[in-house]
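The values are calculated or read from the model by the stated rules, or taken from the named source; none is laboratory data. Given the structure is predicted, the values throughout are model-derived calculations rather than measurements. Note that each Cβ is placed from the backbone with ideal geometry, even for glycine, and that neighbours are counted across all protein chains shown. Surface areas here come from the heavy atoms of the whole protein model, side chains and all, with no ligands, DNA or RNA. Shrake-Rupley method; radii C 1.70, N 1.55, O 1.52, S 1.80 Å.
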Amino acid sequence: MKGLTLENVNKVFGSGLNQVQALKEVNFEAKEGELTLILGPSGSGKSTLLTILGGLQQPTNGTVLVNGKRLDSMQGKAADAFRLNNIGFVLQSYNLVPYLTVEDQFKLVDKVKKDGNLDEKTFKRYIDRLGIEQLLHKFPGELSGGQSQRVAIARALYADPDFILADEPTAALDSNRVKEVAQLFKDIAEKSGKAVVVVTHDLRLKEQADKIYELVDGQISLEK
Ligand SMILES: Nc1ncnc2c1ncn2[C@@H]1O[C@H](COP(=O)(O)OP(=O)(O)O)[C@@H](O)[C@H]1O
Ligand SMILES: [Mg+2]
């Protein structure tokens with residue numbers, strides 16, 4: 001199976017009275033070619049799930065599979081190289097480099113990952129759809145939350161990863177932008193055969209989703 005899979009994943013933080021079980025026996029699948037949504041309120045475990053799915057942190061127990069292969073068996077440099085080449089993250093904090101213009105954020109990707117980034121034509125099309133062509137010479141400090149969010153999305157897409165993992169990518173966007181971003185994610189999944197996973201409490205994304213999971217207090221269930 002091409003995609004990302006979680007099997008019986010548990011994640012426990014802390015110990016004793018401070019112990020929190022953020023994920024409980026989570027079984028989850030994100031297939032290539034599909035936009036998969038995980039809906040849940042604040043504190044339900046969305047960010048924990050997404051970062052485990054992308055190998056940024058390890059589950060307490062359970063299995064993470066990438067195209068049927070165990071991700072948790074990869075370590076150190078192999079895991080870093082795998083993430084760099086295959087997974088695009090859109091994190092809640094945007095993670096833009098403060099002293100680089102928007103344009104240079106993309107050039108930085110070219111430096112870190114030399115091959116396989118988007119060709120100019122496709123990139124221009126995404127920039128256009130995300131409405132950030134006017135922002136290319138600005139610094140992150142000059143951008144609004146919504147603009148930063150769209151730049152962060154473009155940067156994740158620029159590396160052309162097989163898996164796109166986005167954490168609340170529309171929280172700062174107005175409804176028209178949400179529609180455009182949701183449709184872009186769906187098109188990228190469908191036409192480029194990528195697995196796109198979005199965790200959010202934004203119900204406005206439901207329409208475009210191929211599959212919808214619900215996460216409540218660390219327990220996941222399939223809604224659609
Ligand atoms: N590094 C951490 N240390 C301790 N508790 C954490 C940590 N990360 C998340 N949690 C706890 O796990 C639960 C789920 O958090 P999170 O995955 O961030 O939820 P969401 O993204 O849905 O808001 C919360 O109770 C949160 O406080
Ligand atoms: Mg979160």
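Tabulated data for the structure shown
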| read-out | value |
| --- | --- |
| Residue within the stretch 27-46 that is assigned to a strand (DSSP E or B), within 8 Å of ligand 1 (Cβ to nearest atom) and not charged (D, E, K, R) present | no |
| Residue that is farthest from residue 122 (Cα to Cα), among those in the stretch 132-158 that are among the small types (Gly, Ala, Ser) and under 13 Å from the mean Cα position of the chain (by Cα) | 152 |
| Among the candidates 76, 40, residue that is over 20 Å from residue 160 (Cβ atoms) and under 18 Å from the mean Cα position of the chain (by Cα) | 40 |
| Of all residues making up the stretch 159-194, the number that are within 10 Å of the chain's Cα centre (by Cα) and more than 16 Å from ligand 2 (Cβ to nearest atom) | 2 |
| Among the residues listed as 50, 71, 84, the single one being of a type in the set (A, V, I, L, M) and at pLDDT 85 or above | 50 |
| Any hit, the stretch 65-88, residues being over 22 Å from residue 190 (Cα atoms) and aromatic (Phe, Trp, Tyr) | yes |
| Which listed residue, of 13, 89, is more than 30 Å from residue 140 (Cα to Cα), open to solvent by 40 Å² or more (accessible area, probe 1.4 Å) and within 15 Å of ligand 2 (Cβ to nearest atom) | 13 |
| Residue among 180, 190 that alone is under 28 Å from residue 5 (Cα atoms) and open to solvent by 70 Å² or more (accessible area, probe 1.4 Å) | 190 |
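Residue-wise test of (1) out of contact with any strand residue (DSSP E or B) (no Cβ under 7 Å at 6 or more places or on another chain); (2) without any contact (Cβ under 8 Å) to a residue 12 or more places away in the chain.
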position: 38; (1), (2): no, no
position: 44; (1), (2): no, no
position: 47; (1), (2): no, no
position: 56; (1), (2): yes, no
position: 60; (1), (2): no, no
position: 68; (1), (2): yes, no
position: 73; (1), (2): yes, yes
position: 77; (1), (2): yes, yes
position: 85; (1), (2): yes, no
